[in-house]
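*Asks:* One structure, as structure tokens, below. Some questions next.
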Amino acid sequence: MKSLSRRDFLKVGGFAVLGTAGATTLIRKDQSHATDQPAHVHPSHAMQQGDHGDLPGTVGEVDHEKNGFNPTDILTDFDAGEVSTLPNGQTLREYKIVALNKDIEIVPGIEFPAWTYNGRIPGPTLRATEGDRIRIHFSNGSNHPHTIHFHGFHPSEMDGVPGTGPGGLVEPGGSFTYEFDAEPFGLHLYHCHIFPLARHIAKGLYGTFIVDPKEGRPPVDRELVMVMNGIDVDFDDANDFYAVNGIPFHYQNHPIQIRVGEKVRIYLVNILEFDLINSFHLHANFFHYYPTGTSLTPSEFTDTIIQGQAQRGILEFSYKYPGMYMFHAHVTEFAELGWNGMFEVLP
Amino acid sequence: MTQTASQPATRRFTFQTFILLLVPILLLVGVIILFLSTGGGLDLAAPVPVENLTVERYHLERNSIELHVQNTGPEELTIASVIINEAVMPFTVSPSATIPRLGRANIHVNYAWSYGEAYGITIFTGNAIPFAVDIPVAFETPQPSPRTFWSFTLIGLYVGVIPIFLGIFWFPALRQLGRRTMTFLMAATAGLLIFLGIDTLVEALEVAAKVPSAFQGVGLIGIGAVATFLLLDAISRRQTEITGSETERRLAVAMMIAIGIGFHNLGEGLAIGAAYNVGEIALGTFLVVGFIIQNITEGLGIIAPVLRDRPSLSRLALMGLIGGAPAIVGAWIGGYTPSPFLAVLFLAIGTGAIFEVVYEIAKLIQKDTARQSMPMSVFSGVLTGMLLLWITGLLIK
């Protein structure tokens, strides 16, 4: 009740008649609550804060089955395509991608009317080797025009941008096959390029495109894909939740299990719309960073990197000690709105 | 001609009358059923879900934020996510996260808030519609304890009871005055009350904006004010019929002034208690002094009609309590369970009561001026009363 009309109170200074009363109440409460345990049990026990309130996070699970994908699976789900050899000896990889409207439960109780590639956010992780011929059979099963725009080398008519021919705007019910050689090697991405671009990306039309060097990368024990994204559930062109691989807090609620000494490689892509930057910070560890994955020599040994939209890079590290370790955006606001995860390092 | 003959027959309430009365209602039921089953040819499906959530109040305890919400939208809704200062927080809702239309629920978050800081909360429903709550200054919500109870009592005493009694202490002095001055004082009282009445009405309208739209706050003001006005008018007429004595009548008017001011002070107490509760005010010593100075005039108003009579001391004390003590009750209610709905109702009652009392005083003044015309005394009196409150109001603005 702000409106005191005749009684417009001074909001500053003065002796608060009740101030001291309030303060004593506060202190007394302190004592009486000192031994209380919070009733709530967080899924991740390592993150209990004891008597200091709950940590940010979601309670309960989204319906992965209904969503049609589980972020835990997306980590290691690489689509190498259907492989055959062309008459000239070149390897041909064929992929099928369909654009679909799909309601995805992004936090328990909230469904986001997403636009997806193959019904998932992010879309499939396409993987090829430098020099392979790749064909992406794209069909549009949604009620909006969409395209696939790849980062990498390709002719103009394969760019997936309006004005570049039939591949530049695929009408609902239509289809198009994007075909080009996979190059240069590195970590790339693809996304829809229909205008308004921000909305088409924010709704979920993006995915990872990995081109391995001909000679391959040094072997590691575990390769993971992480696509950093945001979700604007109320369409005010500002993100309400942040995530890796679609579902906020997924890896906080379901820590990624690795082992001490295991070599881990992360393909990290930032597709975050509306916000200028995103970041990745690894706890209690450092990683070698390969920006865009276009070199086999790391550029940096660090524990935090920053990426703007469509920037990406490869991280390599291993843990010395067992335990629970956080990884999250060191834009901490994003972390508390969903972009937070845990590695569970087993001995 | 035939009408007069047939009238007694039609006036009797027969079974036939009953059936005839029932016909439109039965037809209405038919129309509603038809409409519900066919939609009446209109496309009534909303393109987007229409939801409304009113946060009635919040309750802060150590490591705990509790939001008392009401679903004031047309359909049931589900609380799906709570974000506090840009952090998604685990929460529980009792009795259920799904709230029926006009149903209430408490959202509980274990949150380590800090004293004196500000918090912005966004509640998302299952349809991803956000509702914002602001906590401008966080501090422990006063609990009903002997200590806070006494504090709210003190506020009520300072704002209501003490100033009114101080005003009443003018009684012996004012008794010495002549008839013309007494009429002037009566007119001044009317002026005071008109000012208070406008003030109460405006306050009611402001609070009404916070009442969930389904409860039609402004309509509530109309009902409360008109009903109170007419009820007090009826009581005063009946009293005149019973006693008829002028002295008794003046005493009755004084009592009604006390009641009207009492309602005003109840509304004031509610507002102060509620504002204190959400940390919007600091009751400075200067402010309390301002209250006392302004509200002295209210005590003056109560005694003005009975200056030429000899009311007993206990009667005067009773009137002082009726006028002032509701400020204490208001501070308790406002402090512990602030409710815009109740506040609007009390303020509306206060508005009706105050304007009715102005009407009663006008009748008394008319009787005086019928004997001896003194138009300037009335004019200057009313103006003095209004100016008095306006000027003392400067102290606490």
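Derivation of every value follows stated rules applied to the coordinates shown; laboratory data play no part. Bear in mind that the values here come from a model prediction, so they are computed numbers and not experimental data. Cβ atoms come from the backbone with ideal geometry, glycine included; neighbour counts cover every protein chain shown.
*Asks:* Counting residues in chain B as N, plug N into 2.2 N^0.38 Å and put the Cα Rg over that result.
*Replies:* This ratio for chain B stands at 1.26.
*Asks:* What nm distance separates the two modelled labels at B:ALA370 and A:SER84, each placed 7 Å from Cα along Cα→Cβ?
*Replies:* 11.2
*Asks:* Additional query: Test of understanding: ordering A:MET326, B:MET186 by Cβ neighbours within 10 Å, fewest first, what list do you get?
*Replies:* A:MET326, B:MET186
*Asks:* Also, I was wondering about something else. Once you've got the Cα coordinates, tell me which of A:LYS66/A:LYS102; A:LYS263/A:LYS320; A:LYS96/A:LYS214 are over 21 Å apart.
*Replies:* Result: A:LYS96/A:LYS214 exceed 21 Å.
*Asks:* 7 Å from Cα along Cα→Cβ at both A:ASP303 and A:HIS64: what's the point-to-point distance in nm?
*Replies:* Between A:ASP303 and A:HIS64, the label points sit 2.9 nm apart.
*Asks:* Could you list the trypsin sites (Lys or Arg not before Pro) in region A:184-242 that lie in coil according to DSSP, counting only those with at most 11 other Cβ atoms within 10 Å of their Cβ?
*Replies:* A:LYS214
*Asks:* Long-range amide H contacts for A:LEU224: which residues qualify at under 5 Å (H placed 1.01 Å from N, peptide plane, sequence gap of 5 or more or a different chain)?
*Replies:* Distant-sequence amide H within range of A:LEU224: A:ARG265, A:ILE266, A:TYR267.
*Asks:* May I pose another question? Given a Förster radius of 30 Å and the C-beta distance between B:PHE169 and B:ARG238 as r, what FRET efficiency does 1/(1 + (r/R0)^6) yield to the nearest 0.05?
*Replies:* 0.40
*Asks:* Under 16 Å Cα to Cα from A:LYS203, which aspartates and glutamates show up? Leave out anything in the same chain fewer than 8 places away.
*Replies:* Excluding near neighbours in sequence, the set is A:ASP103, A:GLU105, A:GLU111, A:ASP232, A:ASP234, A:ASP236, A:ASP237, A:ASP240, A:GLU273, A:ASP275.
*Asks:* Using 1/(1 + (r/R0)^6) with R0 = 41 angstrom and r between the beta carbons of B:SER145 and B:GLU248, what's the FRET efficiency to the nearest 0.05?
*Replies:* 0.35
*Asks:* Further question: Work out, step by step, the length gained on full extension between B:THR14 and B:GLN216: first 0.36 nm times the residue separation, then minus their alpha carbon distance; give nm to one decimal.
*Replies:* 68.9 nm
*Asks:* Right, something else. On a C-alpha basis, how far is the centre of region B:223-253 from the centre of region A:262-326 in Å? Whole number, if you could?
*Replies:* Centre-to-centre distance over Cα atoms comes out at 82 Å.
*Asks:* May I pose another question? Take peptides A:204-212, A:86-94 and line them up by average Cβ neighbours within 10 Å, highest first, as a rough protection proxy.
*Replies:* Put in order of decreasing packing, that is A:204-212, A:86-94.
*Asks:* May I ask you to list, by number, the DSSP H helices of chain B whose Cα span along the axis is at least 18 Å and whose average Kyte-Doolittle hydropathy reaches 0.5 or more?
*Replies:* Flagged H segments are B:15-38, B:179-208, B:217-242, B:246-277, B:285-303, B:340-371, B:375-396.
*Asks:* With N denoting the number of residues in the protein assembly as shown, provide Rg(C-alpha) divided by 2.2 N^0.38 Å, to two decimal places.
*Replies:* My calculation over the Cα atoms of the protein assembly as shown gives 1.35.
*Asks:* Measure nothing fancy, just the Cα-based angle from helix A:19-33's long axis to the longest principal axis of chain A, in degrees from 0 to 90, nearest 10.
*Replies:* On a 0 to 90 degree scale, this one is about 70.
*Asks:* Kirkwood hydrodynamic radius of region B:175-245 from all distinct Cα pairs, in Å?
*Replies:* 15.1
*Asks:* Let me ask another. By how many nm would the segment from B:ARG308 to B:LEU21 lengthen if fully extended, with 0.36 nm per residue of separation less the alpha-carbon distance?
*Replies:* 97.6 nm
*Asks:* Still on this model: Which one of B:ILE135, B:ILE361, B:ILE162 has the biggest mean-square fluctuation once chain B is modelled by GNM with Cα springs under 10 Å?
*Replies:* B:ILE135
*Asks:* GNM, chain B, Cα, under 10 Å: largest mean-square fluctuation among B:THR200, B:THR337, B:THR189?
*Replies:* Maximum fluctuation in the GNM of chain B, among the listed residues, is at B:THR337.
*Asks:* Based on alpha-carbon centroids, what's the gap between region A:59-106 and region B:173-210 in Å, whole number please?
*Replies:* 77
*Asks:* Let me ask you something else. Sum -39500 (n - 2.57) across every DSSP H segment of at least 4 residues in chain A, then divide by the residue count to get the 222 nm mean residue ellipticity, nearest 500.
*Replies:* -2500 deg cm²/dmol
*Asks:* As an exercise, use a Förster radius of 45 Å and the Cβ-Cβ distance of B:ARG179 and B:VAL289 to find the FRET efficiency, rounded to the nearest 0.05.
*Replies:* 0.85
*Asks:* In addition: If each DSSP helix of 4+ residues adds -39,500 (n - 2.57) and the sum is divided by the residues in chain B, what number results at 222 nm, nearest 500 deg cm²/dmol?
*Replies:* Taken over chain B, the calculation gives -20500 deg cm²/dmol.
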